[in-house]
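Before any comments, here is the structure.
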Amino acid sequence: MAFFDRANSIAKPGFNRWLVPPAALCIHLCIGEAYAFSVFTKPMAQAIGVTAPLSGVDWSVPQLGWIFSLAIAILGLSAAFGGKWVERAGPRAAMFFAASCFSLGLIVAALGVNWHLLGLVYLGYGVIGGCGLGIGYISPVSTLIKWFPDRPGLATGTAIMGFGGGALIGAPLSVLLMKHFANANGTGVAQTMAVLAVLYFIWMCVGSVIVRLPPDGWRPTGYVPPTASQAMITNKNVVLESALRTPQFYLLWAVLCLNVTAGIGVLGQASLMIQEMFGVTAIAAAGFVGLLSIFNMGGRIFWASLSDFIGRKMTYAIFFILGAVLYFLVPTFGHMHALALFVLAFLVILSMYGGGFATIPAYLRDLYGTVNVGAIHGALLTAWSVAGVAGPVLVNYIREYQIDHGVAKADAYSITMYIMAALLVVGLLCNLAVRPVHERHHLEEQPVTT
Amino acid sequence: MDRLEEQMRPSDSSTTMLVLAWLWVGIPLAWGVAVTIQNALKLFE
């Protein structure tokens, strides 16, 4: 197993650092399949009935909804608790572990579907697969930051773009496979999951083989590291334990949580929302969701790269101000029946949702240095777990409450949009409160900052 | 430091590897984006 040792993954002379982003994409494009899990919901809800759900026997949609929520919750927890191990073991071992967990999770879930045991599906996709998601998500981040000290936003944005893009591959691929395997006796979900497990394992292992760490002291040609800390960018390092004692960590936790809450709730309800507000067909609504996915992916690389030039704090300020204005205007666009403006507003909002994920590692690197950035990023991802539950619950329950109190379906989202705008204003205040980390938290013996 | 930079100058074989690695991730992603855009166009029909 020496192949997986951290020491054996250090780059040899002649290595091109631009090989590291595709290695990271091998992982993120696979684990990003989680965003496409909803394509399994309908066929799993009629796994026994095949052509229609068999009442009292087949699983209900809310029961199946917990699979994704559980996976996201475990993602945050495993990233938080596994971050230190990822730093210690290195990216190659971490990526291989993620590949093993994610694929094993799919196999166990496939068995659960085949034997119609929901607990086994929760264990497989939710718990085992969720560990693969969490470790896989953080595994390439600190390595990329070390290879690209001159463009950390671009580097992490490229990798995290993959998590947004995973659904674009996972959804049509799963649909194709289910069509192939479906017959009179089954919907083909179990076979599809098993095939995906094998394909994703191979794809992720390629990333694990390609990835390399830079040698100590390496820096890009022509790059001169700053000799003194700039206003919001430190050249010092802070370890995880110290970072957890700084107010900046909790402010950034709130920043990520609020940005994700505002986006994720809408992402889950986008199809229903556009149908109820504008009366478009289900097929057109699916097209809208597809567009959102593309902007969710594109926003990750666009905003994170832009943050290299305008700074992380300014980038998040744009997210919160522009996001709040757009959420505030969405009900008005609905009343005006301005479909194009409505679509445009949500495309921008979703680009900023993705941008928030992709910019946060570089923000952490600016504040805490590079030594423990992977572990600190992992701990911060618990904000995603909370937002992953809070966002959809907020949108769903407020909508239900309004409809129960006689509000027309087309108008049932207005209050939710105003609440989202208010959440983003709170996020803006948290972001404005972020200051450089006090020097008492800095490591005394400074490791070489690449 | 300059010597380390010199050693890490990308070799020809790593350039081939680079092209292959980007194709490995780029082709499936391009397929996924193309399929999604095809479906998204239905929104405007």
Self-check item: Hey, residue A:242 under 23 Å from the mean Cα position of the chain (by Cα), within 28 Å of residue A:386 (Cα to Cα) and in contact (Cβ under 8 Å) with a residue 60 or more places away in the chain or not
Solution: no
Practice problem: Go through the stretch A:281-305 and give me each residue that's more than 9 Å from chain B (Cβ to nearest Cβ) and over 19 Å from the mean Cα position of the chain (by Cα). | Solution: A:282
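For (1) part of a helix (DSSP H, G or I); (2) closer than 18 Å to residue A:32 by Cα; (3) assigned by TED's automatic domain parsing to the domain that holds residue A:339; (4) not β-branched (Val, Ile, Thr), each residue gets a yes or a no:
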| position | (1), (2), (3), (4) |
| --- | --- |
| A:286 | yes, no, yes, yes |
| A:299 | yes, yes, yes, yes |
| A:317 | yes, no, yes, yes |
| A:321 | yes, no, yes, no |
Quiz item: Looking at the stretch A:381-400, which of its residues are at pLDDT 85 or above and more than 12 Å from the chain's Cα centre (by Cα)?
Solution: A:386
Quiz item: If you check A:76, A:32, which single one turns out to be within 14 Å of chain B (Cβ to nearest Cβ) and either in contact (Cβ under 8 Å) with a residue 40 or more places away in the chain or part of a helix (DSSP H, G or I) (or both)?
Solution: A:32
Exercise. Run down A:288, A:320, A:346, A:333 and say which single residue is free of Cβ contacts under 8 Å to residues at least 60 places away in the same chain and buried (at least 24 other Cβ atoms within 10 Å of the Cβ).
Key: A:288
Practice problem: Give A:273, A:204 a once-over and let me know the one that is in contact with a Lys or Arg (Cβ under 9 Å, 6 or more places away or on another chain), buried (at least 22 other Cβ atoms within 10 Å of the Cβ) and not in a loop (DSSP other than H, G, I, E, B). | Solution: A:273
Quiz prompt | Qualifying residues in the stretch A:251-278 (those that are over 17 Å from the mean Cα position of the chain (by Cα) and in contact (Cβ under 8 Å) with a residue 60 or more places away in the chain) - the one farthest from residue A:335 (Cα to Cα) | solution = A:251
Quiz item: Got a sec? Which of A:46, A:63 is within 26 Å of residue A:385 (Cβ to Cβ), in contact (Cβ under 8 Å) with a residue 24 or more places away in the chain and surrounded by 14 or more Cβ atoms within 10 Å (Cβ to Cβ)?
Solution: A:63
Quiz item: Has the stretch A:213-232 got any residue that is of a type outside the set (Val, Ile, Thr), away from chain B (no Cβ under 14 Å) and assigned to a helix (DSSP H, G or I)?
Solution: no
Quiz prompt | Selection status of residue A:94, modelled with pLDDT of 90 or more, under 23 Å from the mean Cα position of the chain (by Cα) and either closer than 26 Å to residue A:214 by Cβ or not in a helix (DSSP H, G or I) (or both) | solution = yes
Quiz item: Just wondering, is there one or more residues in the stretch A:352-361 that are farther than 25 Å from residue A:410 by Cα, surrounded by fewer than 22 Cβ atoms within 10 Å (Cβ to Cβ) and either within 14 Å of chain B (Cβ to nearest Cβ) or polar (S, T, N, Q) (or both)?
Solution: no
Exercise. Among what's in the stretch A:371-428 and is in contact (Cβ under 8 Å) with a residue 12 or more places away in the chain and aromatic (Phe, Trp, Tyr), pick the residue that is nearest to residue A:156 (Cα to Cα).
Key: A:384
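One line per residue, one yes/no per condition, for (1) in contact (Cβ under 8 Å) with a residue 60 or more places away in the chain; (2) out of contact with any His (no Cβ under 7 Å at 6 or more places or on another chain); (3) closer than 23 Å to residue A:171 by Cβ; (4) not in a helix (DSSP H, G or I):
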| residue | (1), (2), (3), (4) |
| --- | --- |
| A:13 | no, yes, no, yes |
| A:19 | yes, yes, no, no |
| A:71 | yes, yes, yes, no |
| A:84 | yes, yes, no, no |
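The values are calculated or read from the model by the stated rules, or taken from the named source; none is laboratory data. Source: prediction; values computed, not measured. Here the Cβ is made from the backbone with ideal geometry for all residues, glycine too, and neighbour counts use every protein chain on show.
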